[in-house]
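Report on the following structure.
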Amino acid sequence: MALNEISIGNTVITENSPVFFIAEIGINHNGSLDIAKRLIDAAFACRWHAVKFQKRSPDICVPEHQKNVQRETPWGTMTYLEYRYKMEFGKNEFDYIDRYSKEKPIYWSASVWDMPSLLFMLEYDVPYIKIPSAKLVEADLLNEACRSGKVLIVSTGMSTIAEVDEAVNLLEKNSKGNYILMHTNSTYPTPPEEMNLNTIPYLKERYRCLIGYSGHEYDLEPTVIAVALGARVVERHITLDHNMWGSDHFASLEVHAADLLYKRVKDVDKILGKKEKLITKGEMKIKERLRG
C-alpha cells in the first residue's frame, strides 16, 4: 500500500499538509544558465518549494526520422538533433544549479527521459526523481528509479487506467510505496474540456496514495480546483515571458502569475474546512443576538 506520508527533503507531505509547489523550468531556460538562474530566483521569491528541469540524452530520445530534420532556431538553422543538444544542460550547468539552489535554499530535481539521464541525476543529492508521462510505461526505467530509494513523482498523462495500474503495481512492489502520482493532461496548453480534474479523487480512491496535479493550462483556476479536489503537490511550468522562443513558454506561468497561484492555493484547505456541520465562533455571537 502506498505511503500517505512522503518526505521531500525536510518537507513532509500528507493528506492534510500544505500543498507542495514545484516550478517546472523544464527547457524554458532556452539553453541559458542565466535564464535558469533567474527562474530559480523567481520560484524562490514566490515561495515555491522546488524547481524542476528536464534531462535527456538526445541521441536516445530523438527518433531517428527526426534527427536530421532542419529546424529554424534562435541560433540559426540546424538539425533537430543539434538543436536538442543546444538546449541540453550538462554536468557544468547542473553543478552550478545544484550549488545555487542550495544557497537559496530551494529544492531542485529533473524529469528523466532515459536510463543514462536517470543515472546522471542520481549523482546529485536531489530529494526526488520525476518520471514524465511519456515514460510511465517504461518498466526498466521505473525499476531503476525505484532501486535508487528516492521519492518518485510519476505523471500519468496520455495513459490508460490499465497502464497506470501496471505502473502502480511496479511502484508498490519496488519502491515500498515511496511515490506520488500526478494527474495531468499532456496537451500543451490543455483545453478546459480535456482537464478531467475529477480524475484526482478517482486516482486517490483507486490507489490510496498521495495525488498531485501537473497543469498545462493557461489559467490559474483549474489548479486551485485541483487542490480543492485533493491534489497535495502542484507542478506548473514557469517562464520569464510568454513571448520567448520555445515550445513550452506559452502554456507556462509568468512570475507574477506564479505568485498569484501560490496565494490563491494556500487558503484552499482553510476555506474547505471540516467535513461536518459546525456552528463557528463568528456564528455564535450572531446566534445569541438573533435567537437569544
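I want to confirm something. Restricting to the range 10-33 and keeping residues that are in a loop (DSSP other than H, G, I, E, B) and within 16 Å of the chain's Cα centre (by Cα), which single residue is surrounded by the fewest Cβ atoms within 10 Å (Cβ to Cβ)?
Of the range 10-33, the ones in a loop (DSSP other than H, G, I, E, B) are 10, 15-19, 27-32.
Keeping just the survivors that are within 16 Å of the chain's Cα centre (by Cα) gives 18-19, 27-28.
Values: Pro18: 14, Val19: 20, Ile27: 20, Asn28: 24.
Looking at residues that are in a loop (DSSP other than H, G, I, E, B) and within 16 Å of the chain's Cα centre (by Cα), I get Pro18.
All but one of (1) closer than 16 Å to Gly26 by Cβ; (2) surrounded by fewer than 16 Cβ atoms within 10 Å (Cβ to Cβ) hold for Ser109; which doesn't?
In the conditions (1) closer than 16 Å to Gly26 by Cβ; (2) surrounded by fewer than 16 Cβ atoms within 10 Å (Cβ to Cβ), Ser109 misses (2) alone.
Is there any pair with a first residue in the range 223-251 that is more than 19 Å from Lys130 (Cβ to Cβ) and a second that is small (Gly, Ala, Ser) and crowded, with 22+ Cβ neighbours inside 10 Å whose Cβ atoms are under 8 Å apart and which are 6 or more apart or on different chains, and what are they?
Correct list of pairs: Leu240/Ala42; His242/Ser252.
Collect the residues in the range 220-250 that are hydroxyl-bearing (Ser, Thr, Tyr) and modelled with pLDDT of 95 or more, keeping them in residue-number order.
First pass over the range 220-250, keeping only residues hydroxyl-bearing (Ser, Thr, Tyr): 223, 239, 247.
Listed by number, the list holds a single entry, Thr223.
Check Tyr124, Tyr202, Tyr188 and return the single one that is surrounded by fewer than 17 Cβ atoms within 10 Å (Cβ to Cβ) and free of Cβ contacts under 8 Å to residues at least 24 places away in the same chain. Explain how you work it out, then say what you get.
Values: Tyr124 fails: free of Cβ contacts under 8 Å to residues at least 24 places away in the same chain; Tyr188 fails: free of Cβ contacts under 8 Å to residues at least 24 places away in the same chain.
Testing whether each residue is surrounded by fewer than 17 Cβ atoms within 10 Å (Cβ to Cβ) and free of Cβ contacts under 8 Å to residues at least 24 places away in the same chain leaves just Tyr202.
Does the range 230-249 contain any residue that is among the basic types (Lys, Arg) and over 16 Å from the mean Cα position of the chain (by Cα)?
In the first step, residues of the range 230-249 are kept if they are among the basic types (Lys, Arg); the result is 232, 236.
From what's left, over 16 Å from the mean Cα position of the chain (by Cα): none.
No, there is no match, as no residue in the range 230-249 is among the basic types (Lys, Arg) and over 16 Å from the mean Cα position of the chain (by Cα).
With respect to the numbered conditions (1) crowded, with 21+ Cβ neighbours inside 10 Å; (2) closer than 24 Å to Ser17 by Cβ; (3) small (Gly, Ala, Ser); (4) touching a helix residue (DSSP H, G or I) at 6+ places or on another chain (Cβ under 8 Å), which one is the sole condition not fulfilled by Ala167?
Among (1) crowded, with 21+ Cβ neighbours inside 10 Å; (2) closer than 24 Å to Ser17 by Cβ; (3) small (Gly, Ala, Ser); (4) touching a helix residue (DSSP H, G or I) at 6+ places or on another chain (Cβ under 8 Å), the lone unmet condition for Ala167 is (2).
Output the residues belonging to the range 195-245 that are under 20 Å from Asn28 (Cβ atoms) and in a loop (DSSP other than H, G, I, E, B).
Of everything in the range 195-245, those that are under 20 Å from Asn28 (Cβ atoms) and in a loop (DSSP other than H, G, I, E, B) turn out to be His216, Glu217, Tyr218, Asp219, Leu220, Thr239, Leu240, Asp241, His242, Asn243, Met244, Trp245.
In the range 79-103, how many are within 22 Å of Asp41 (Cα to Cα), over 20 Å from the mean Cα position of the chain (by Cα) and not in a helix (DSSP H, G or I)?
Count: 1.
For the range 34-49, state whether one or more residues are part of a loop (DSSP other than H, G, I, E, B) and over 23 Å from Leu260 (Cβ atoms).
no
Select, from Val137, Val154, the only residue that is at pLDDT 95 or above and part of a loop (DSSP other than H, G, I, E, B). If you could, list the steps in order and put the result at the bottom.
Working: Val154 fails: part of a loop (DSSP other than H, G, I, E, B).
Of the residues listed, the single one that is at pLDDT 95 or above and part of a loop (DSSP other than H, G, I, E, B) is Val137.
The values are calculated or read from the model by the stated rules, or taken from the named source; none is laboratory data. On a predicted model such as this, the values are computed, not experimentally measured, just so you know. Heads up, the Cβs are rebuilt from the backbone with ideal geometry, glycines too, and the neighbour counts pull from every protein chain shown.
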